[in-house]
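Q: Okay, handing you the structure first.
The values are calculated or read from the model by the stated rules, or taken from the named source; none is laboratory data. Predicted model, so just to flag it, every value in this text is computed and none were measured. We place every Cβ from the backbone using ideal geometry, glycine too, and count neighbours over all the protein chains shown. When the accessible area is computed, the model is the full protein with side chains, heavy atoms only, and any ligands, DNA or RNA have been set aside. Shrake-Rupley method; radii C 1.70, N 1.55, O 1.52, S 1.80 Å.
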Amino acid sequence: MIQVAKNLYGKTFIPISLSEDSELPYAIDFQSQPTLVIKDNDLFLITDQLGNIVAGAKNQKRTVTGLFCHDTRFLSRSELQIAGQSPVLLSSCAESGYQITVNCTNPAIDNLLKRETIGIERKIVLRGGLFEEITLRNYTIHPVEIPITLSFQADFKDLFEVKSDRIRSQRGQSLQALNQSDNSLNFAYEGLDHSLMESLITFNHLKPTKIQGNTVIWNITLQSQASCRIGYALQTKINNKANSSILFPKSLTEGVKIAQREKDSWYQNTTKIRTDSEAVNQVITQAENDIYLLLQSFGQGKILVAGIPWFSTLFGRDSLIAARQTLIFDSQITRNTLLTLAEYQGKNHSNWHDESPGKILHELRLGELARCQEIPHTPYYGTVDATPLWLILYADYYDWSGDRSFAEKLWSNVLRAMDWIDHQREKTGYIYYLRQAEGGLRNQGWKDSGDCIVNSKGELVEGAIALCEVQGYVYYAKVKLSHIAKILGEEKLAQKWQKEAEELKERFNRDFWLESEQYYALALDENGKPIDSITSNPGHCLSLGIYPPEKANLVAQRLMAEDLYSGWGIRTLSSFSPAYNPMGYHLGSVWHHDTAISALGLRHIGKINDAITIAQSLIEMTISQANHRPPELFCGFERKSSQNPVKYPVACFPQAWATGTIFQLLQMMINLLPDMKNNRLLIKNPRLPDFINRLSLENLRIGNNLIDLVLEKIDQQTICRITKQEGDLNIQL
């Protein structure tokens, strides 16, 4: 068949059929291989422990690997082989966040090499693209000749295709560029939207012996104790322009220097938090690294994406909660988050996008499915809680920064967000959600799986839903914003919002309270009837002031009861429910952020011992994990002294609001209460858990003030001392 060449962006291509397998078969079965993750702003890479990308290997379904940028996989295979065999792993790590280092050696190769005679070091770096250098050293007393191969493939699949094995009725066309050099390998794909995506690979250090299809071959001769280096650089492009927003450096070495310099500069402006526990310090260090890993720019400074691999993009709820959690560590994240989400605030009425004027988005996607309108994420607004959460973060940031000019800059966005809330509340007094987009989410609170809204009989509830915590968010937002409105001279607006908050509180405690359970309902259904299952959701309201004291105490008691508190954390659904499943995503599992929010609420109402118990459990759970990294969630099985927490099989690592929990729990222990509108900081009844005797903060920034402080246990009491202060902040201990 004659292939017709086509010109795209000044280049000539011919259509080709894409096979998952290159000419060289995969070396081994890669099923269930652990992975390494690195990220550089809008690029992220997942490899197996050997540093290989093996997306097309047979039985390789649950372990995702690849190089991704803007929701597209630009590399689906990058596999190193020695004489057709896989190297033997010695060690590997991805601790820097942007670099993977792998040390391995050779297997026994008949009539060629004895086992473990060649040392192999792989350095893989992300910086505006992908760089790899492979150093080989001969540790025998004789010369050796070895064939080294790297096999590549680029499937250019949308992340949603990768995530769900989605089969599209149509896909774009894989292309082959004409006139390629003998020192490069280029992959190309024209999407259904006619976008041209390319992965351009150039080889350096040692020129390949030959390139056979998509496999690059080096026939290497090494003298005794001699070494050599091979390598390549890969740049991703869309429509003949760099796809990454980060400048592509000249070499791996230059990329490392720039990346490390940028990370060091960021770290210098964060709060340094350390304890006398080495295990806890390892948890904090990992959390610091993961926060940096998850930062990404969407045009208004870097903010936190939700998680890797599926959620490495702009979110509303996730980014807002994670920013609030990390105020004590880096308040600049909050500032950037508010600006970025304000930029995307809803402007139109669109059922397809679940969009309304003033609404804060749920999720933004940039891949081919979004560009072709096969999914509504351009952006998608199907979230009921992001808008009040944005208002809460706005108010919290004012407490931390005292930045009036910033508050005034976003005031019009505040008014539009509050107008959206008030419009939703017109008929019932509550915010309900009901999916409008056919491809959107059925459930639009933080528990957004399709089966999570059940009643006390375990039955799935259909129709419009008014979640309890969302009403609490609205109450808190109106109270906090009324204070800011008064400061900005909006006296009538301040009085209006305060009055509406008081009316909401009275109505809420009438309609959501379950007298028989002495607890609050998960939600109201579309008829205003309570959805009476016992869940973790009411724990989100404990710190918001919507509960009267006597009912807040009853909620606190139930949260710590055996059906909700597993010993590791608070279950999403009571173990007494007929629908309870400790392995269910939102039906009995334990989520770090969900549990930590309840701990914050327990602390707020004076249940300090319970709050510290939960903090200790979550940190112990994190210490038990590989790399001291908290998972997105874990199973809700009861804690037993002889067992570690049971892992949820497909939890994301790292996850922003799981990572942010570490800083939120530390802030809860210190009980920092900034109030920059009155130029003061309250530190009220600090309390350290059993396994921490000393906790220090350096470079804590509140407004224009810098503070160092130390907490120490003395005779079972936690004492706080200010060791350094720059600025005139009134600190009250």
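Q: What share of all Cα pairs of the stretch 238-377, in percent, falls into each consecutive 10 Å distance bin?
A: In whole percents, the pair-distance histogram is 10, 33, 34, 18, 6, 0.
Q: How much FRET efficiency would the formula 1/(1 + (r/R0)^6) give for Thr221 and Glu254, where r is the Cβ-Cβ distance and R0 is 35 Å, rounded to 0.05? Can you show the working numbers first?
A: On the way: r = 30 Å, r/R0 = 0.85.
Between Thr221 and Glu254 the formula returns 0.75.
Q: Counting only protein heavy atoms, what percent of the accessible surface of the chain is carbon or sulfur at a 1.4 Å probe? Don't jump to the answer; show the numbers that get you there.
A: Values: 13470 of 28820 Å².
C and S atoms contribute 47 percent here.
Q: Right, next: What length, rounded to one decimal in nm, is gained on full extension from Asn7 through to Ser164, with 0.36 nm per residue of separation minus their alpha-carbon distance? Intermediate results must be reported in sequence, preceding the final value.
A: Details: separation 157, 0.36 × 157 = 56.52 nm, distance 3.32 nm.
Residue separation times 0.36 nm, minus the Cα-Cα distance, leaves 53.2 nm.
Q: In the calculated pair distance distribution of the stretch 468-598, what percentage of Cα-Cα distances lie above 18 Å?
A: Numbers: 4761 of 8515 pairs.
That tail contains 56 percent of the Cα-Cα pairs.
Q: Rounded to the nearest 0.05, what FRET efficiency is calculated for Leu192 and Glu698 with R0 set to 41 Å and r the Cβ-Cβ distance? Mind dumping the intermediate values first?
A: Numbers: r = 53 Å, r/R0 = 1.29.
The calculated FRET efficiency here is 0.20.
Q: Further, regarding this structure: With charges only on Cβ, +1 for K and R and -1 for D and E, what is the dipole size of the stretch 481-618 about its Cα centre, in debye, rounded to 20? Write down the numbers at each step before the final one.
A: Numbers: 13 positive and 17 negative charges, 72 e Å.
So the magnitude is around 340 debye.
Q: Can I ask one more? Please state, rounded to one decimal and in Å, the Kirkwood hydrodynamic radius that the stretch 613-678 gives when every pair of distinct Cα atoms enters the mean of 1/r. Numbers along the way, then the final one.
A: Working: mean 1/r = 0.0749 Å⁻¹.
The Cα-based Kirkwood calculation yields 13.3 Å.
Q: Relative contact order (percent) for the chain, with alpha-carbon contacts under 8 angstrom and 6 or more residues of separation?
A: On the way: 1649 pairs, mean separation 70.2, N = 733.
In percent, rounded to a whole number, it is 10.
Q: Expressed as a fraction of 2.2 N^0.38 Å, the rule-of-thumb size for a compact globular protein of N residues, what is the C-alpha radius of gyration of the stretch 537-652?
A: Details: Rg = 13.6 Å, N = 116, 2.2 N^0.38 = 13.4 Å.
Output field value: 1.02.
Q: Identify which of the listed values of semi-axes √(5λ) of the Cα gyration tensor in Å was calculated from the structure shown: (i) 44, 34, 29; (ii) 47, 30, 25; (iii) 50, 34, 27.
A: (ii)
Q: Using 0.36 nm per residue, how much length does the chain from Ala83 to Lys684 gain when fully extended, once their Cα-Cα distance is taken away?
A: On the way: separation 601, 0.36 × 601 = 216.36 nm, distance 6.55 nm.
So the extension gain works out to 209.8 nm.
Q: Here's something else I'd like to know. What FRET efficiency, computed as 1/(1 + (r/R0)^6) with R0 = 60 Å and r the Cβ-Cβ distance, is obtained for Phe406 and Lys207, rounded to the nearest 0.05?
A: Working: r = 55 Å, r/R0 = 0.91.
My answer for the efficiency is 0.65.
Q: To the nearest 20 debye, what is the magnitude of the charge dipole of the stretch 417-533 about its Cα centre, counting +1 on the Cβ of each Lys and Arg and -1 on the Cβ of each Asp and Glu?
A: 380 debye
Q: Considering the stretch 85-227, what Rg and Dmax in Å follow from its alpha-carbon atoms?
A: In Å, with Rg to one decimal and Dmax whole: 18.5, 58.
Q: Separation of the stretch 320-374 and the stretch 74-153 by C-alpha centroid, Å?
A: Between the Cα centre of the stretch 320-374 and that of the stretch 74-153, the gap is 41 Å.
Q: Tell me the Kirkwood hydrodynamic radius of the stretch 161-200 in angstroms, computed as one over the mean inverse distance between distinct C-alpha pairs. List each step's numbers first, then the result.
A: Values: mean 1/r = 0.0846 Å⁻¹.
Roughly 11.8 Å, rounded to one decimal.
Q: If you average the C-alpha positions of the stretch 461-511 and of the stretch 231-250 separately, how far apart do those two centres end up, in angstrom?
A: Centre-to-centre (Cα) distance: 48 Å.
Q: Can you tell me the length gained on complete extension of the stretch Gln557 to Ser265, counting 0.36 nm per residue apart and subtracting the Cα distance? Could you put the intermediate results ahead of the total?
A: Working: separation 292, 0.36 × 292 = 105.12 nm, distance 4.51 nm.
Between Gln557 and Ser265, full extension yields an extra 100.6 nm.
Q: Let me ask you something else. Starting from the 7 Å offset along Cα-to-Cβ, what nm value, one decimal, do you get for the label separation of Ser184 and Val710?
A: 5.9 nm
Q: Taking N as the number of residues in the stretch 612-733, what is its alpha-carbon radius of gyration divided by 2.2 N^0.38 Å? Don't jump to the answer; show the numbers that get you there.
A: Values: Rg = 17.1 Å, N = 122, 2.2 N^0.38 = 13.7 Å.
It is 1.26.
Q: So, one more: When the gyration tensor of the stretch 523-562 is built from Cα positions, what are the square roots of 5 times its three eigenvalues, in whole Å, from largest to smallest? Please list the in-between numbers first.
A: Values: eigenvalues 76, 35, 14 Å².
Three semi-axes, in Å: 20, 13, 9.
Q: Taking only protein heavy atoms and a 1.4 Å probe, what accessible area per residue, in Å², does the chain have with all protein chains in place?
A: Values: 28820 Å² over 733 residues.
Each residue of the chain exposes 39 Å² on average to a 1.4 Å probe.
Q: Determine which residues of the stretch 590-628 fall in the zone a paramagnetic label at Ala279 would reach in this model, i.e. backbone nitrogen under 13 Å from the point 7 Å along Cα→Cβ.
A: Only 616-626, 628 fall inside the zone, counting backbone N under 13 Å.
Q: Give me the log10 of I(q) over I(0) for the stretch 338-490 at q = 0.11, 0.20 Å⁻¹, as the Debye formula computes it from C-alpha points; what are the numbers?
A: -0.46, -1.26
Q: Quick check for you: which residues of the stretch 568-590 have the amide N under 14 Å from the point 7 Å beyond the Cα of Lys457 toward its beta carbon?
A: 578-579
Q: Still on this structure, I have one more. Answer with one residue from Val384, Phe634, Leu36: the one whose Cα lies farthest towards the positive end of the charge dipole of the chain, charges on Cβ with Lys, Arg +1 and Asp, Glu -1.
A: Value: Leu36.
Q: Still on this structure, please answer the following. Of the listed pairs Lys6/Lys237; Lys551/Lys640; Lys163/Lys210, which have alpha-carbon separations greater than 27 Å here? Spell out each step's value before the answer.
A: Numbers: Lys6/Lys237 18 Å; Lys551/Lys640 31 Å; Lys163/Lys210 35 Å.
Over 27 Å apart, Cα to Cα: Lys551/Lys640; Lys163/Lys210.
Q: Need one number: nm distance between label points at Asp110 and Ile623, each 7 Å from Cα along Cα→Cβ, rounded to one decimal.
A: Distance between the two pseudo-spin positions: 5.2 nm.
Q: Under unit Cβ charges (Lys, Arg +1; Asp, Glu -1), what dipole magnitude, rounded to 20 debye, does the chain have relative to its Cα centre? The partial results should precede the final answer.
A: Details: 75 positive and 81 negative charges, 200 e Å.
It works out to roughly 960 debye.
Q: In the stretch 464-513, how does Rg compare with the Kirkwood Rh, expressed as the Rg/Rh ratio over alpha carbon atoms? It would help to have the intermediate numbers written out before the result.
A: Working: Rg = 12.0 Å, Rh = 11.3 Å.
Using only Cα positions, Rg/Rh for the stretch 464-513 is 1.06.
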